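Enquirer: Quick one: the structure is below, and I'll ask about it shortly.
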Amino acid sequence: MPMRQKSAKTETTKQHGSEIHAPKGKLGVMIPGMGAVATTFVAGVEAVRKGFAKPIGSLTQMGTIRLGKRTDARSPKVKEFVPLAGLNDLVFTGWDIFEDDMYTAAAKAGVLERELLDKVKPFLSSVKPRKAVFDHNYVKRIDGPNVKKGKTKMDLAEQVRADIREFKKSSGATRLITIWCGSTETFIEPTAAHQSVKAFEKALTQNDENIAPSMIYAYASLMEGVPFANGAPNLTVDIPAMHELARENQAPICGKDFKTGQTLLKTILAPGFKARMIGLNGWFSTNILGNRDGEVLDDPGSFKTKEESKLSVLEHILQPELYPELYGKFTHKVRINYYPPRGDNKEGWDSIDIFGWLGYPMQIKVDFLCRDSILAAPIVLDLVLFLDLAQRSAELRGLGIQEWLSFYFKSPMTAPGLYPEHDLFIQLMKLKNTLRHLQGEELITHLGLEYYD
Ligand SMILES: NC(=O)c1ccc[n+]([C@@H]2O[C@H](COP(=O)([O-])OP(=O)(O)OC[C@H]3O[C@@H](n4cnc5c(N)ncnc54)[C@H](O)[C@@H]3O)[C@@H](O)[C@H]2O)c1
């Protein structure tokens, strides 16, 4: 049978693949902030490697990707389709203001059961924190002894760069990734010091107060050519100086703020309301949580950083400027309450006031009894593996911001002037089409008229 010609009626468009280096050797994962999320991630990777558990929630490990037409029946696993590092090739290090190794820190975080932790104890205990770059003014509710000293912020950046080089050498890693799992820092806005690499470097030597500790890790990583992902809502790499450095040094960046519990549900529900032209009067979200993250967010400065990240989601998904009758004046409130008895097992309530045909009001209540770090850990894994893919890809490595990884973030970074995509399903399509594009497979448009010719 002759091959069907591609036409405007097909649901795919042909791509040409681009060069990607094979993931040879070990991949070093460097984590500023060895708290609940980081330890749940590392303990989980080891448990999966040892066959004690499954990597549930990870798209790179469990996901598939459809290729070609629906009639082709080609849906390989994502990790078989693109050349990702294997879990056995991951090696870890981290920084924290506390001296606990990963086993002790995981036990204190109280996310995973002691029985599981004990099975991976020798490995977890071997990951010890390096001295942190820390400034109490940026995270008011905590303080710890394991902190670097330096005359200027540039000196501190040099010390982090030395840590990075030391880890690369001692671990034998061929590639590195940094992923920020540290506390949420106080709210700051971009200033002149953030506008270019030159201004940023001058500010580092002058101890400018607008340079937060997370930015020092980011600067050190990018200077060493190491990609950087930001799991918190801090400004960190979302400033022109870091965009410039990332492009110059071909070190991909992405952020901000892992999309886990309540915001994940918001970005699943809100696109559904909009798809069916259902109106919104208000969305009230409240949370109780009792882990250290909750304690840090009890400080108004850190909460403001988180609030900004959580609030922007609905505006972008619902596009009130396009649908003023449906979304022109809804009220959106987000509250986080530190409540120690719950530990990491957060409870998030959403009270959603919607309206339908002829304006008749309806209500939806969501009560999500979630586990924050259980939702965050597979995101950390996927980001590590995908950022490593990006640094091995000739097409992606020089772009700086990796917008295709928006899927994982509450407040996705984009090129200046672009609004972020928040709709989880658009984000997933963007991610998978990026993988198809890299491998020269047809992009999926879901048109599909050809099946009815
Ligand atoms: N758990 C989730 O679902 C989730 C979702 C989105 C974002 N986050 C963000 O991820 C981050 C980690 O969350 P967590 O629950 O693991 O918090 P956590 O408090 O358990 O861990 C954070 C760790 O960072 C350390 N730290 C703070 N400042 C540091 C610095 N400058 N250098 C090195 N270490 C530093 C703290 O000592 C602490 O051990 C937080 O910013 C949180 O807001 C978490």
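Enquirer: Name the one entry in 360, 419 that is open to solvent by 20 Å² or more (accessible area, probe 1.4 Å) and more than 23 Å from the chain's Cα centre (by Cα). Spell out the reasoning first.
Expert: Numbers: 419 fails: more than 23 Å from the chain's Cα centre (by Cα).
After ruling out the rest, the residue left standing is 360.
Enquirer: Please specify each residue of segment 227-249 satisfying the condition of being assigned to a loop (DSSP other than H, G, I, E, B), more than 16 Å from the ligand (Cβ to nearest atom) and open to solvent by less than 40 Å² (accessible area, probe 1.4 Å).
Expert: The first filter runs over segment 227-249 and keeps only residues assigned to a loop (DSSP other than H, G, I, E, B), leaving 227, 231-239, 249.
Adding the requirement that they be more than 16 Å from the ligand (Cβ to nearest atom) leaves 227, 239, 249.
Passing the criteria: 227, 239.
Enquirer: Please count how many residues of segment 361-404 are of a type in the set (D, E, K, R) and in a helix (DSSP H, G or I).
Expert: Filtering segment 361-404 for residues of a type in the set (D, E, K, R) gives 365, 367, 371-372, 382, 388, 392, 395, 397, 403.
From the residues that got through so far, the ones that are in a helix (DSSP H, G or I) too are 372, 382, 388, 392, 403.
The number of residues fulfilling the criteria is 5.
Enquirer: Considering only segment 107-156, how many residues are in contact with a Leu (Cβ under 7 Å, 6 or more places away or on another chain), assigned to a helix (DSSP H, G or I) and within 13 Å of the ligand (Cβ to nearest atom)?
Expert: So the count comes out to 2.
Enquirer: May I pose another question? Taking segment 83-106, which residues are in a loop (DSSP other than H, G, I, E, B) and either more than 11 Å from the ligand (Cβ to nearest atom) or over 24 Å from residue 289 (Cα atoms) (or both)? Quick ask: steps written out before the conclusion?
Expert: Step one: of segment 83-106, the residues in a loop (DSSP other than H, G, I, E, B) are 83-86, 97-101.
Answer for segment 83-106, where residues must be in a loop (DSSP other than H, G, I, E, B) and either more than 11 Å from the ligand (Cβ to nearest atom) or over 24 Å from residue 289 (Cα atoms) (or both): 83, 84, 85, 86, 99, 101.
Enquirer: For segment 56-73, indicate whether the set of residues that are outside any loop (DSSP other than H, G, I, E, B), within 16 Å of the ligand (Cβ to nearest atom) and open to solvent by less than 30 Å² (accessible area, probe 1.4 Å) is non-empty. Can you show your working first?
Expert: To start, the set of residues in segment 56-73 that are outside any loop (DSSP other than H, G, I, E, B) comprises 59-62, 64, 67, 70-72.
Remaining after also requiring within 16 Å of the ligand (Cβ to nearest atom): none.
Scanning segment 56-73 turns up no residue that is outside any loop (DSSP other than H, G, I, E, B), within 16 Å of the ligand (Cβ to nearest atom) and open to solvent by less than 30 Å² (accessible area, probe 1.4 Å).
Enquirer: Residue under question is residue 222, and the condition is that it be free of Cβ contacts under 8 Å to residues at least 40 places away in the same chain, open to solvent by less than 30 Å² (accessible area, probe 1.4 Å), in contact with a strand residue (DSSP E or B) (Cβ under 7 Å, 6 or more places away or on another chain) and under 30 Å from residue 57 (Cβ atoms); does it hold? Spell out how you get there, then give the answer.
Expert: On the way: free of Cβ contacts under 8 Å to residues at least 40 places away in the same chain: yes; open to solvent by less than 30 Å² (accessible area, probe 1.4 Å): yes; in contact with a strand residue (DSSP E or B) (Cβ under 7 Å, 6 or more places away or on another chain): yes; under 30 Å from residue 57 (Cβ atoms): yes.
So residue 222 fits the description; yes.
Enquirer: Has segment 191-206 got at least one residue that is within 14 Å of the ligand (Cβ to nearest atom) and open to solvent by less than 10 Å² (accessible area, probe 1.4 Å)?
Expert: No, that holds for no residue.
Enquirer: Given the condition open to solvent by 20 Å² or more (accessible area, probe 1.4 Å), under 24 Å from residue 277 (Cβ atoms) and either more than 16 Å from the ligand (Cβ to nearest atom) or of a type in the set (D, E, K, R) (or both), answer yes or no: does some residue in segment 335-348 qualify?
Expert: no
Enquirer: What pairs come up if the first residue lies in segment 324-351 and is farther than 23 Å from residue 376 by Cβ, the second is among the basic types (Lys, Arg) and surrounded by 18 or more Cβ atoms within 10 Å (Cβ to Cβ), and their beta carbons are under 8 Å apart, counting only those six or more places apart or on different chains?
Expert: 326/274; 327/274
Enquirer: A follow-up question, please. Is there a residue in segment 276-291 that is more than 13 Å from the ligand (Cβ to nearest atom), without any contact (Cβ under 8 Å) to a residue 40 or more places away in the chain, open to solvent by 20 Å² or more (accessible area, probe 1.4 Å) and touching a strand residue (DSSP E or B) at 6+ places or on another chain (Cβ under 9 Å)?
Expert: From segment 276-291, those more than 13 Å from the ligand (Cβ to nearest atom) are 276-286, 288; that's our starting set.
Narrowing the set further to residues that are without any contact (Cβ under 8 Å) to a residue 40 or more places away in the chain leaves 276.
Imposing the further condition that a residue be open to solvent by 20 Å² or more (accessible area, probe 1.4 Å) reduces the set to 276.
Imposing the further condition that a residue be touching a strand residue (DSSP E or B) at 6+ places or on another chain (Cβ under 9 Å) reduces the set to none.
So far as segment 276-291 goes, no, none of its residues is more than 13 Å from the ligand (Cβ to nearest atom), without any contact (Cβ under 8 Å) to a residue 40 or more places away in the chain, open to solvent by 20 Å² or more (accessible area, probe 1.4 Å) and touching a strand residue (DSSP E or B) at 6+ places or on another chain (Cβ under 9 Å).
Enquirer: Next up: Which of the residues spanning segment 365-415 are more than 19 Å from residue 425 (Cα to Cα), within 14 Å of the ligand (Cβ to nearest atom) and charged (D, E, K, R)?
Expert: 371, 372
Yes or no, residue by residue, for (1) of a type in the set (A, V, I, L, M); (2) in a helix (DSSP H, G or I):
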site	(1), (2)
269	yes, yes
312	no, yes
326	yes, yes
329	no, no
345	no, no
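Enquirer: Inside segment 88-103, can you point out the residues that are more than 24 Å from the chain's Cα centre (by Cα) and surrounded by 19 or more Cβ atoms within 10 Å (Cβ to Cβ)?
Expert: Within segment 88-103, the subset more than 24 Å from the chain's Cα centre (by Cα) is 99-100.
Matches in segment 88-103: 100 only.
The values are calculated or read from the model by the stated rules, or taken from the named source; none is laboratory data. In this text the structure is predicted, and so the values were computed from the model without any measurement. All Cβ positions, even for glycine, are placed from backbone atoms using ideal geometry, and neighbour counts span all protein chains on display. When the accessible area is computed, the model is the full protein with side chains, heavy atoms only, and any ligands, DNA or RNA have been set aside. Shrake-Rupley method; radii C 1.70, N 1.55, O 1.52, S 1.80 Å.
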